[in-house]
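Shown next, in structure tokens, is the structure this report addresses.
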Amino acid sequence: MTGFDEVYGERQKQIKSFEFDEKVTAVFPDMIKRSVPGYNLIISNISMLTEKFVQPYTACYDLGCSLGASTLAISEGINVDGCEIIAVDNSEAMINSLKTRLKGFKSEIPVHVVHEDITRLDFKKSSVNVLNFTLQFINPEKRGDLLKKICDSTVQNGILVLSEKLQFGEENSNNHQIDLYHSFKKYNGYSDLEVSQKRTALENVLIPESFETHKKRLLAAGYSKVDIWFQCFNFFSILAIK
């Protein structure tokens, strides 16, 4: 496997559920760049949002950190004293690769890499939290409790950046956005076979929700302001402020 995503390039007799294993880890930067509209813009703006909202002597969490794109973006935005970054993922392959990558990363901001299920994490006092395309892989029944744990540990005026695949309430709109998204993937070089097989692999693994559902849950968790700050096709990112 090279750095080019060909995980679903050959026809598979039986398509297993998607997981962040060694094969996916090896091609993840290419996969997410070609699969998530606006991904690089989201990452760059996480630096800006960190700079605006980070508070001294707090932790900044990258929850579902994968290979640490958001971790590095957070690091670039920290402009106050006493902060640390905690990068957490339940994929051993991702964590091992991230640790290797960070050996060549020089920063005054300490980064702690944790191999853990984020729903079981004990949170420190924080001001910046990022769930970048992570919540959608968590059982919907556990999402509310997780967000409340994050919000409870967040200082006043701290933030959560929540990026997700979006489910539209109206069926025609939802189908239209899915069609546009598949066109985006094909434009980026994926074949009909790859699009189809990956969609099958993600069924019942990635469970998207509507903005209304996210907003209601975030407000119930304790956030005071919840807004969409980015959207492209059926992908969006929310800024929630405590």
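The values are calculated or read from the model by the stated rules, or taken from the named source; none is laboratory data. Small disclaimer: the values here were computed from a predicted structure and weren't measured. Neighbour counts run over all protein chains shown; Cβ positions are idealised from the backbone, glycine included.
Residue count for the range 152-165, restricted to those that are surrounded by fewer than 22 Cβ atoms within 10 Å (Cβ to Cβ) and within 9 Å of Tyr223 (Cβ to Cβ): 0.
Test Val161 against the criterion of being outside any helix (DSSP H, G or I), closer than 20 Å to Leu72 by Cα and in contact with an Asp or Glu (Cβ under 7 Å, 6 or more places away or on another chain), and give yes or no. Spelling it out, it is not the case that Val161 is outside any helix (DSSP H, G or I), closer than 20 Å to Leu72 by Cα and in contact with an Asp or Glu (Cβ under 7 Å, 6 or more places away or on another chain).
Each residue in the range 214-223 was checked for being in contact (Cβ under 8 Å) with a residue 12 or more places away in the chain, under 22 Å from Gly169 (Cα atoms) and surrounded by fewer than 16 Cβ atoms within 10 Å (Cβ to Cβ), and 1 of them qualify. Scanning the range 141-150 for residues that are without any contact (Cβ under 8 Å) to a residue 40 or more places away in the chain and either closer than 23 Å to Tyr8 by Cα or surrounded by 18 or more Cβ atoms within 10 Å (Cβ to Cβ) (or both) turns up at least one hit. Only one of the numbered conditions (1) in contact with a strand residue (DSSP E or B) (Cβ under 7 Å, 6 or more places away or on another chain); (2) outside any helix (DSSP H, G or I) is not met by Leu218, and that is (2). Selection of the range 127-141 for residues being within 18 Å of Val155 (Cβ to Cβ) and touching a Gly at 6+ places or on another chain (Cβ under 8 Å) yields Ser127, Val128, Asn129, Leu131. If you go through the range 170-205 and keep only what is more than 22 Å from the chain's Cα centre (by Cα) and either among the aromatic types (Phe, Trp, Tyr) or not in a helix (DSSP H, G or I) (or both), you end up with Glu170, Tyr187, Gly189, Ser191.
Among the residues in the range 224-232, are any surrounded by 13 or more Cβ atoms within 10 Å (Cβ to Cβ) and among the small types (Gly, Ala, Ser)? Give the steps one after another, and end with the answer.
Residues of the range 224-232 surrounded by 13 or more Cβ atoms within 10 Å (Cβ to Cβ): 226, 228-232.
With among the small types (Gly, Ala, Ser) added as a condition, the list becomes none.
Within the range 224-232 (the criterion being surrounded by 13 or more Cβ atoms within 10 Å (Cβ to Cβ) and among the small types (Gly, Ala, Ser)), the answer is no, since none of the residues qualifies.
The lone criterion from (1) of a type in the set (A, V, I, L, M); (2) free of Cβ contacts under 8 Å to residues at least 12 places away in the same chain; (3) part of a strand (DSSP E or B) left unmet by Ile238 is number (2). Residues in the range 98-127 that are closer than 20 Å to Ile46 by Cβ, of a type in the set (S, T, N, Q) and either under 18 Å from the mean Cα position of the chain (by Cα) or not in a loop (DSSP other than H, G, I, E, B) (or both): Ser126, Ser127.
Quick one: which of Val130, Val161, Val155 is more than 21 Å from the chain's Cα centre (by Cα), closer than 16 Å to Ile241 by Cβ, modelled with pLDDT of 95 or more and of a type outside the set (Asp, Glu)? Steps first, answer last, please.
On the way: Val130 fails: more than 21 Å from the chain's Cα centre (by Cα); Val161 fails: more than 21 Å from the chain's Cα centre (by Cα).
One residue alone meets the criteria, Val155.
Every listed requirement among (1) more than 27 Å from Val128 (Cβ to Cβ); (2) of a type outside the set (A, V, I, L, M); (3) surrounded by fewer than 21 Cβ atoms within 10 Å (Cβ to Cβ); (4) in contact with a Leu (Cβ under 9 Å, 6 or more places away or on another chain) is met by Pro29 save one, (1).
Selection over the range 90-124 of residues that are touching a residue at least 60 places away in the same chain (Cβ under 8 Å) and either buried (at least 20 other Cβ atoms within 10 Å of the Cβ) or touching a helix residue (DSSP H, G or I) at 6+ places or on another chain (Cβ under 6 Å) (or both) gives a count of 5.
In the range 211-221, the count of residues that are under 21 Å from Lys13 (Cα atoms) and polar (S, T, N, Q) is zero. All of Val195, Val161 fail the test of being touching a Ser or Thr at 6+ places or on another chain (Cβ under 7 Å) and β-branched (Val, Ile, Thr), apart from Val161.
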